[in-house]
């Protein structure tokens with residue numbers, strides 16, 4: 001009854017390396033379709049009476065919740081709480097709960113969805129299918145079926161824009177429609193994005209030392225997402241930090257180490273730009289790269305930074321002769337979760 005699908009089959013065969021990069025480059029299409037699908041997702045009337053939003057999700061699925069939390073805080077809307085584990089908060093009753101799993105088989109999210117449902121949360125499943133979709137249909141909660149992608153992390157637009165559209169349609173987040181449209185249009189500026197991603201990838205290849213991704217507090221989810229994209233696609237280790245918080249602790253260590261390289265995510269707005277550059281100067285980095293978050297709104301700047309991180313991380317991998325798509329160690333850990341926990345009981 002509540003199934004809304006924007007599914008475009010990706011195909012079962014392995015994705016060539018160039019096609020993986022090309023999928024990131026074509027994010028505008030999935031983003032627009034996902035937002036439309038989110039707007040069309042008709043939630044039961046009781047769901048709009050929720051007094052908070054909980055997003056259950058791991059990895060890139062949970063990252064979509066981080067963005068919603070930051071946007072709701074800045075634009076207005078219900079408070080958003082993100083769960084990156086198997087247990088929802090005990091106070092979840094009466095909250096709108098998005099259970100987000102790209103594959104539909106993430107054990108932590110399956111458990112979180114089931115527990116939230118039993119505790120009285122208004123659950124919505126956001127997934128390509130799998131066990132999550134099957135459970136949601138069995139118990140009668142809404143399912144938003146999102147478009148396939150070559151890997152879950154590459155499907156960030158599907159998850160994020162579906163959630164944003166759903167909250168927007170329900171009147172639970174106050175992001176202006178014009179800002180949403182601008183953010184999707186930015187994803188069409190492929191030539192500029194490719195040039196900036198190439199520049200960032202070259203800097204990553206040419207610099208040495210521990211890497212820190214530094215962003216202003218409202219944009220911290222972009223720093224975290226960048227760290228994750230570098231880990232999964234480029235197989236690089238990085239830390240994520242934010243100002244002003246880092247100025248009260250981490251600056252001391254960075255200034256002393258002498259080998260810290262900083263990727264600075266600059267939104268081009270005050271006081272954040274000044275704080276970022278002053279903090280970077282005090283850190284005395286071995287190398288500094290400034291990535292400008294483009295766009296005329298917070299949402300657009302977050303989307304641009306996210307896109308840039310994805311493109312640059314894949315570009316780095318390709319230039320280094322790496323295949324960005326496989327995540328063998330992550331899959332090994334998922335098997336550990338399956339074998340050692342009971343986080344797969346759906347009822």
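Derived value for the range 139-215: Kirkwood hydrodynamic radius 16.0 Å. Basis is the mean of 1/r over every pair of different alpha-carbon atoms. Ranked by how many other Cβ atoms sit within 10 Å of their own Cβ, fewest first, the residues 135, 254, 91 fall in the order 91, 135, 254.
Taking only Cα atoms and a 10 Å spring cutoff, compute GNM fluctuations for the chain and point out the largest among 300, 287, 45. Result for the chain, Cα springs under 10 Å: 45 fluctuates most. In a fully extended conformation the segment linking residue 292 and residue 322 would gain 8.2 nm over its present Cα-Cα distance, using 0.36 nm per residue.
The reciprocal of the average 1/r between distinct C-alpha atoms defines the Kirkwood hydrodynamic radius, which for the chain equals 20.4 Å. In whole Å, how far is the Cα centre of the range 139-163 from that of the range 229-290? Using only Cα atoms, the two centres lie 31 Å from each other. Label point 7 Å out from residue 253 along Cα-to-Cβ: which residues of the range 190-225 have amide N under 14 Å? Label zone hits: 210-213. Take the Cα of residue 42, step 7 Å toward its Cβ, do the same at residue 331, and the gap between the two points is 4.1 nm. Shape summary: the range 210-280 maps onto an equivalent ellipsoid whose semi-axes, from the alpha-carbon gyration tensor, are 19, 16, 9 Å in decreasing order. Under a Gaussian network description of the chain, with springs only between Cα atoms under 10 Å, the residue in 33, 261, 90 that fluctuates furthest is 90. Using a Gaussian network model of the chain in which every pair of alpha carbons under 10 angstrom is joined by a spring, one finds that among 67, 24, 75 the greatest mean-square fluctuation is at 75.
Can you pull the Rg over Rh of the range 4-175, Cα-only, Kirkwood? Don't skip to the answer; put the middle values down first.
Values: Rg = 15.0 Å, Rh = 15.7 Å.
Rounded to two decimals, Rg over Rh is 0.95.
Using R0 = 30 Å, the C-beta based FRET efficiency linking residue 245 and residue 174 works out to 0.70. The residues 58, 250, when put in order of fewest to most other Cβ atoms within 10 Å, stand as 250, 58. Applying 1/(1 + (r/R0)^6) with R0 = 22 Å to the Cβ-Cβ distance of residue 74 and residue 274 gives a FRET efficiency near 0.70.
Peptides 276-286, 102-112 ranked from most to least packed by the mean count of surrounding Cβ atoms within 10 Å: 102-112, 276-286. By the Kirkwood approach, averaging reciprocal distances over each pair of separate Cα atoms, the range 74-144 gets a hydrodynamic radius of 12.1 Å. Size descriptors for the range 189-319, from the alpha-carbon set: Rg then Dmax equal 13.5, 40 Å.
No lab work stands behind these numbers, since they all come straight from the coordinates. None of these values were measured; they are calculated from a predicted model. Glycine gets a Cβ as well: all are built from the backbone with ideal geometry, and neighbour counts include every protein chain shown.
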